[in-house]
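Read through the structure below, which is laid out as structure tokens, and then see the notes.
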Ligand code: PBG
């Protein structure tokens, strides 16, 4: 009798799910939504099939659509009516995110998370204040400490509008501590921070930059986002954000960085989020369109893999489709 050890015994339909080690559930998922102040009708996002930018007047409807699939949390991104050198529409009381969040918080039961960044709001498209004038000079870099003031204001304005959680994504050193202090000072000690702690300078963000009109007008983001070559540095980023008070640590992108998700899971005791980014979504759709991949199956397998790697939460453009298929 050989072999004696037969893993196949536990793969029959009857027992498979009993011994399954990882579960995917709609309650783990966060759906990104795009609210656009420049339009009064929905605009399809070409590079992200199935996703649209919606006007502020339809933000509540858009979130209701998400909730109807069983997903309970949304991440709100805004496209402002105008941009300037310091991204002032990011922290305006009547800014696009502030208006949308006020409505969503008043009229829905969604858990509302906001992306705290400046790149969609600055005319140069960088995630903060740029040195000197915003002339087309690729050697210009983002001023770290001056940017912190704008992030503080942005996070507080989101909390005032009713955001349940804020998610700083600009990779500014000290952003979590600065935002924590500002929120606490304004009476928002109960609002958690999910930090985009380990955010790589990734080419997988391409479709998002179309969607949110947030591509840098010159240069790139390598001076502030992480080098894809680095793993040890990810732990350093995660440690700094945890020490500054991050309630959730995010790794971004997701699938190409599962080793980092695992490292952060093992190194820290706060929940870990993975961001299954726009390029990951676009790849599956493009291949499925050609009949080369099964979209539903690969979508589920992608998200399951992030959970297996150690993610507790997943931000994904697949949230609604996957939740509906569960
Ligand atoms: C910054 C931000 C970006 C994404 C989320 N927040 C863009 C960037 O850093 O270039 C990318 C998300 C995605 O690709 O899905 N506001």
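What follows draws every value from the coordinates through simple rules; no lab data is involved. As the structure is a computational prediction, the values presented were derived from the model and not from experiment. A quick note on method: Cβ atoms are made from the backbone with ideal geometry, for glycine too, and the neighbour counts reach across all protein chains shown.
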With a ≥ b ≥ c taken as the square roots of the eigenvalues of the C-alpha gyration tensor of segment 190-326, please select rounded if a/c is under 1.5 and otherwise prolate if a/b is larger than b/c or oblate if it is not? oblate
Kirkwood Rh, angstrom, segment 272-326 [1 / mean 1/r, Cα pairs]: 11.4 Å
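So if we plug the beta-carbon distance of residue 292 and residue 325 into 1/(1 + (r/R0)^6) with R0 = 22 Å, what FRET efficiency do we get, rounded to 0.05? Don't jump to the answer; show the numbers that get you there.
On the way: r = 20 Å, r/R0 = 0.89.
That gives a FRET efficiency of 0.65.
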Can you sort 121, 205 from fewest to most other Cβ atoms within 10 Å of each residue's own Cβ? 205, 121
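Please report 34, 204 as a ranked list, fewest other C-beta atoms within 10 angstrom at the top and most at the bottom.
Values: 34 26, 204 23.
Result, fewest neighbours first: 204, 34.
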Between helix 96-107 and the chain: long-axis angle, C-alpha atoms, 0 to 90°, nearest 10: 60 degrees
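Determine the gain in length on full extension of the stretch residue 43-residue 68; use 0.36 nm per residue of separation and subtract their C-alpha separation, reporting nm with one decimal.
Fully extending the segment from residue 43 to residue 68 adds 6.9 nm.
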Just subtract the alpha-carbon distance of residue 312 and residue 236 from 0.36 nm times their residue separation and send over the number in nm, one decimal. 25.3 nm
Taking the chain as the reference, fit the longest principal axis to its C-alpha atoms, fit the long axis of helix 232-243 to the helix C-alpha atoms, and give the angle between the two in degrees, 0 to 90, nearest 10. 70 degrees
Among 280, 237, 107, which one moves the most in a GNM of the chain with springs linking Cα atoms closer than 10 Å? 107
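Taking every DSSP beta bridge with both residues inside the chain, roughly what % is antiparallel (nearest 5)?
Details: 4 of 37 bridges.
In the chain, approximately 10 percent of DSSP beta bridges are antiparallel ones.
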Roughly how tilted is helix 175-185, in degrees to the nearest 10 and between 0 and 90, from the longest Cα axis of the chain? 70 degrees
With n ≥ 4 as the cut-off for DSSP H runs, can you work out [θ] at 222 nm for the chain, using -39500 (n - 2.57) per run divided by the number of residues, rounded to the nearest 500? -11000 deg cm²/dmol
From largest to smallest, what semi-axes in whole angstrom does the chain give when each is the square root of 5 times an eigenvalue of its alpha carbon gyration tensor? 33, 23, 20
Calculate the spin-label point distance for residue 160 paired with residue 222, positioning each point 7 Å from the Cα along the beta-carbon direction, and give it in nanometres. 4.0 nm
If you take the beta carbon distance between residue 6 and residue 301 as r and set R0 to 25 Å, what does 1/(1 + (r/R0)^6) give as a FRET efficiency, to the nearest 0.05? 0.50
Along Cα→Cβ, 7 Å out, is where each label goes; now give me the distance between the ones at residue 106 and residue 16 in nm to one decimal. 4.9 nm
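Give, in nm to one decimal, the length gained when the segment between residue 25 and residue 247 is fully stretched (0.36 nm per residue of separation minus the Cα-Cα distance).
Values: separation 222, 0.36 × 222 = 79.92 nm, distance 2.12 nm.
Computed gain between residue 25 and residue 247 is 77.8 nm.
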Most exposed first, judged by fewest Cβ atoms within 10 angstrom, 179, 30 run 30, 179
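How high is the relative contact order of the chain, in percent, with contacts defined as C-alpha pairs under 8 Å that are six or more residues apart? Can you show the working numbers first?
Values: 660 pairs, mean separation 59.1, N = 326.
Taking the mean separation of contacting Cα pairs over the length of the chain, I get 18 percent.
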